[in-house]
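A.B. asks: Have a look at the structure that comes next, please.
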Amino acid sequence: MSEGSPAEQSPPVEKSMAKEARQDSEPLLAAVFESAIDAILIADDEGRYIRVNPAACNLLGLTEPELLGRRIGDFMAPDGDFEQAWRGFLDRGKDSGEMDLLRPDGTVVSVEYNAASHVVPGHHLSILRDVGRRRQAEEGLRILAEAGQLFAESLDFQQTLDNVARLAIPLLADWCVIDIVAENGSIERLVAVHADPEKQPLLDELKRHAPSLEDADGPAMVLRGGQPFLAPEITPEKLTSLARSEAHRQLILKLAPASVLSLPLIARGRQLGVWTFIRSAPGRPYRDGDLPLTETLARRASLAIDNARLYLAAENANRAKDQFLASLSHELRTPLTPVLALVSRLDRGPGTSPELRRGLAVIRKNIELEARLIDDLLDLTRIARGKIELHPEVTDIHALLQHAIQVCCAGEDGRIGVEVDLGAPDARVWADGPRLTQVFWNLLTNAIKFTPPGGAIRVRTSAAEAGGEGAPELVVEISDTGVGIEPELMPRIFGAFEQGRLGAPRRSGGLGLGLAISKAILELHGGSLAAASPGRDQGATFTVRIPFHRELLGPVASPLLGIGAAAAAETRPAEAADRPLRILLIEDHEDTAAALSDLLTDRGHSVQVAGTVRAGLETAARSAADLDLVISDLGLPDGSGVDLMREITARYGLPGIALSGYGMDEDIRRSLEAGFCLHLTKPVNVQVLEEAIRKCRMAAVLR
């Protein structure tokens with residue numbers, strides 16, 4: 001090989017290049033060491049730091065001079081065994097994992113670490129990375145996911161507030177309070193929850209120290225400014241500014257707040273309140289970095305609280321409407337009761353002429369139809385809110401139809417012909433008798449209203465075999481020869497407030513609710529209601545379908561009360577059925593009291609009348625041994641018939657019938673719970689009242 005060839009020159013050149021690389025790498029490595037985002041620490045054989053970078057100082061909260069000479073064990077939990085861990089690390093030559101370190105200022109930092117021993121003799125390398133933000137982000141996503149589920153759990157206002165508070169404990173706070181702006185502008189502390197059950201009584205006491213808008217600090221300041229309030233450290237001076245009194249300050253001292261974060265609750269531009277987080281444990285002060293997550297939570301919580309508030313307002317409005325309708329019903333029904341009672345009394349009089357009886361039948365029919373209109377208004381509210389209730393039992397549809405025809409067609413003799421073909425071999429279904437009676441009344445009165453003089457109405461029943469997997473059905477057809485239904489009206493015939501047959505010459509009266517309510521009642525029974533008409537002036541047919549339930553067939557129910565009166569009659573002792581009763585009638589409406597007393601007396605009963613709760617109790621106390629039955633109104637001048645019956649039942653064990661203009665489901669439920677055998681709604685048909693008396697008589701006999 002010739003002199004100066006590359007092969008001969010390579011070793012010296014490589015050595016020179018390696019030397020230059022080492023010289024160049026030293027400032028490069030120093031730059032990496034100084035500018036690294038991760039903490040880099042070099043320790044000696046005893047684990048004491050001999051070199052640290054700026055990131056390590058920031059991570060552990062010390063300056064370089066303060067950090068040199070310390071060991072990682074100085075930042076570990078007191079129960080950690082550093083010496084054993086260090087020896088194990090030196091033996092293994094490397095280590096990695098995650099740990100929490102405690103800074104000198106008491107704050108905790110979560111780190112991920114990688115360590116290697118003897119990178120050069122006597123030098124051991126550790127690289128630490130702050131993973132607190134990553135954990136915080138992961139925890140934030142989990143909390144937000146949980147928040148969505150919690151906030152959707154309920155529309156109840158208080159439950160929503162409790163869910164909001166439950167979300168914060170213990171992930172974001174050791175305890176929290178929620179202050180809500182009331183309708184009058186004051187601040188109400190509605191929720192205060194502590195992670196430690198033993199300290200919950202202190203928070204319950206704290207709820208009584210609600211903030212005021214005049215306060216200079218705390219929730220009031222957040223409400224005024226609409227901005228978060230953050231106090232990383234609660235100093236004695238800050239505690240004094242937050243306390244509203246010395247007692248309040250002492251209470252807060254017992255709860256030992258270390259750091260506070262208050263957030264405004266704002267939805268749709270309205271200040272709803274303030275959500276305050278408090279940490280008691282040292283080492284976890286709230287920082288600006290906590291704001292993104294907590295503010296997002298506060299916005300979601302605000303929407304949930306506002307939705308619950310709006311729902312509560314709607315519920316309150318519905319309750320107020322229901323109370324108004326119940327009161328209106330009572331006021332409208334009460335005057336009808338004495339009229340119906342007098343009509344019944346006159347009708348039974350021996351000197352009543354046939355002409356007068358026909359007139360009385362017309363009066364009775366119109367009173368009952370007026371009461372039906374009142375019921376329609378209440379039923380529409382029940383149906384809209386899903387509150388309508390059924391009380392089904394085995395019921396004879398033919399008996400219901402015959403009763404409905406008798407009531408609705410009274411006074412129509414000679415004007416409209418009524419054809420009845422009850423051809424179904426078995427007309428028993430599992431149903432709510434009074435509700436189906438209501439359906440048949442609606443359909444019959446509808447047919448009568450739209451059928452001109454000389455026309456006809458036909459009522460027909462039949463049985464339809466099961467189709468597919470369906471049950472056999474009882475079919476009821478009510479048809480007329482009236483004005484018919486125009487094709488363009490058919491799609492909305494069952495809509496609320498639809499009169500259905502527009503342009504009819506006899507179109508008058510009614511609220512347009514009967515068909516809508518009838519359809520809803522039948523659907524609750526698992527049945528259906530359909531309408532058909534060839535067109536104008538060609539009549540209409542309404543078809544009711546109700547499933548049979550043959551396996552449940554038994555004694556036929558009363559068509560009026562939906563009670564097993566026929567079965568009871570079979571077992572009722574004759575003397576109990578025939579013996580006149582001694583009745584205490586409690587009714588404050590003078591005309592009603594007089595008319596009912598006369599009506600009951602005409603039937604052989606002995607009646608004592610009282611007009612108030614007090615008078616009723618006094619009469620019961622004097623004559624309990626001589627009484628068989630109590631009939632009482634619910635709305636009395638000095639109290640409720642519910643409370644009256646509850647006391648009479650407890651003291652004397654007398655059966656009772658509630659007779660009231662209040663007919664909402666809640667009124668009926670409260671009546672039965674108080675001890676009444678039955679709840680009858682005014683105006684009451686005399687046959688219905690007699691059937692109720694018979695049933696209560698049996699309750700007394702069998703008691």
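The values are calculated or read from the model by the stated rules, or taken from the named source; none is laboratory data. All figures in this text were calculated on a predicted structure; none of them were measured in a lab. Here the Cβ is made from the backbone with ideal geometry for all residues, glycine too, and neighbour counts use every protein chain on show. We work out accessible area using only protein heavy atoms, side chains counted, and drop any ligands, DNA or RNA first. Shrake-Rupley method; radii C 1.70, N 1.55, O 1.52, S 1.80 Å.
A.B. asks: Let me make sure I get this right: for segment 579-703, a, b and c are the square roots of the gyration tensor eigenvalues over alpha carbons, sorted descending. Under 1.5 in a/c it's rounded, otherwise prolate if a/b > b/c, else oblate. Which is it?
C.D. replies: On the way: a/c = 1.13, a/b = 1.06, b/c = 1.06.
In terms of gyration-tensor shape, rounded.
A.B. asks: Something else about it: Tell me the label-point distance for the pair Glu46, Glu83, using the 7 Å Cα-to-Cβ offset, in nm and rounded to one decimal.
C.D. replies: Taking the two extended label points, one gets 1.3 nm.
A.B. asks: Just subtract the alpha-carbon distance of Leu253 and Ala314 from 0.36 nm times their residue separation and send over the number in nm, one decimal.
C.D. replies: On the way: separation 61, 0.36 × 61 = 21.96 nm, distance 4.13 nm.
Between Leu253 and Ala314, full extension yields an extra 17.8 nm.
A.B. asks: With labels modelled as points extended 7 Å from the Cα through the Cβ direction, what inter-label distance (nm, one decimal) is found for Arg142 paired with Val362?
C.D. replies: With each label placed 7 Å out from Cα toward Cβ, I get 8.1 nm.
A.B. asks: Could you run the Karplus curve 6.51 cos²θ - 1.76 cosθ + 1.60 with θ = phi - 60° over segment 294-304 and give me ³J(HN,Hα) per residue in whole Hz, x for Gly and Pro?
C.D. replies: Couplings: 5, 5, 5, 4, 4, 5, 5, 4, 4, 5, 5 Hz.
A.B. asks: Next question. Within 10 Å, count the other beta carbons around each residue, average over each peptide in 191-197, 299-305, and list them highest first. Don't skip to the answer; put the middle values down first.
C.D. replies: On the way: 191-197: 17.9, 299-305: 20.7.
Output ranking for 191-197, 299-305: 299-305, 191-197.
A.B. asks: Same structure, new question: Can you give me the Cα centroid spacing of segment 296-335 and segment 65-113 in angstrom?
C.D. replies: One Cα centre to the other: 60 Å.
A.B. asks: So what does Phe157 come to for accessible area, using a 1.4 Å probe and Å² rounded to 10?
C.D. replies: Only protein atoms counted, so the area is about 40 Å².
A.B. asks: Sort out for me the Cα centre separation of segment 234-270 from segment 147-200, rounded to whole Å.
C.D. replies: 16 Å
A.B. asks: Assigning unit charges at the beta carbon (Lys, Arg +1; Asp, Glu -1) and nothing else, what dipole magnitude in debye, to the nearest 20, does segment 297-339 show about its Cα centre? Intermediate results must be reported in sequence, preceding the final value.
C.D. replies: Numbers: 6 positive and 4 negative charges, 46 e Å.
Approximately 220 debye in magnitude.
A.B. asks: Out of Ala593, Gly611, Ser623, whose Cα points farthest toward the positive end of the dipole of segment 581-633 (charges: +1 Lys, Arg; -1 Asp, Glu; placed on Cβ)?
C.D. replies: Farthest towards the positive pole: Ser623.
A.B. asks: Provide the solvent-accessible area of Lys238, counting protein heavy atoms only and rolling a 1.4 Å probe, rounded to the nearest 10 Å².
C.D. replies: The value for Lys238 is about 50 Å².
A.B. asks: In nm, to one decimal, how far is the modelled label at Glu355 from the one at Asp665, with both set 7 Å along Cα→Cβ?
C.D. replies: Here the modelled spin labels are 5.0 nm apart.
A.B. asks: Cα gyration tensor of segment 178-237, axes a ≥ b ≥ c as square roots of the eigenvalues: rounded (a/c below 1.5), prolate (a/b > b/c) or oblate?
C.D. replies: Numbers: a/c = 2.11, a/b = 1.21, b/c = 1.74.
Oblate, because a/c is 1.5 or more while a/b does not exceed b/c.
A.B. asks: Can you figure out the FRET efficiency of Val420 with Leu303, using R₀ = 56 Å and their beta-carbon distance, to the nearest 0.05? Let's see the in-between values first.
C.D. replies: Working: r = 60 Å, r/R0 = 1.07.
FRET efficiency, Val420 to Leu303: 0.40.
A.B. asks: Another question, if that's okay. In debye, nearest 20, what is the charge dipole magnitude of segment 572-703 about its Cα centre with +1 on Lys and Arg Cβ and -1 on Asp and Glu Cβ, if you could check? Walk me through the intermediate numbers first.
C.D. replies: On the way: 15 positive and 21 negative charges, 119 e Å.
I would put it at about 580 debye.
A.B. asks: For segment 581-703, what relative contact order do you get, as a whole percent, if you take Cα pairs closer than 8 Å and at least 6 residues apart? Mind showing how you got there, number by number?
C.D. replies: Working: 201 pairs, mean separation 27.0, N = 123.
Taking the mean separation of contacting Cα pairs over the length of segment 581-703, I get 22 percent.
A.B. asks: What are the ³J(HN,Hα) values, in whole Hz, obtained from phi via the Karplus relation 6.51 cos²θ - 1.76 cosθ + 1.60 with θ = phi - 60°, for each residue of segment 362-367 in sequence order, with x given for Gly and Pro?
C.D. replies: Couplings: 5, 4, 4, 4, 6, 5 Hz.
A.B. asks: Placing unit charges on C-beta atoms (Lys and Arg positive, Asp and Glu negative, everything else neutral), compute the dipole magnitude of segment 233-343 about its Cα centre in debye, rounded to 20. Let's see the in-between values first.
C.D. replies: Numbers: 15 positive and 10 negative charges, 18 e Å.
So the dipole magnitude of segment 233-343 works out to roughly 80 debye.
A.B. asks: From the square roots a ≥ b ≥ c of the eigenvalues of the alpha-carbon gyration tensor of segment 281-362, which class results: rounded (a/c under 1.5), prolate (a/b over b/c), or oblate?
C.D. replies: Cα axes put segment 281-362 in the prolate bin.
A.B. asks: Continuing with this model, one more query. Kindly list the residues of segment 637-664 that lie in the label zone of Ala624, defined by a backbone N under 16 Å from the point 7 Å along the Cα-to-C-beta vector.
C.D. replies: Of the residues in segment 637-664, 644-656 have backbone N under 16 Å from the label point off Ala624.
A.B. asks: If Met490, Met221, Met645 are ordered by their accessible area, calculated over protein heavy atoms with a 1.4 Å probe, which sequence runs from highest to lowest? Write down the numbers at each step before the final one.
C.D. replies: Working: Met490 50, Met221 75, Met645 0 Å².
Largest accessible area first, the residues go Met221, Met490, Met645.
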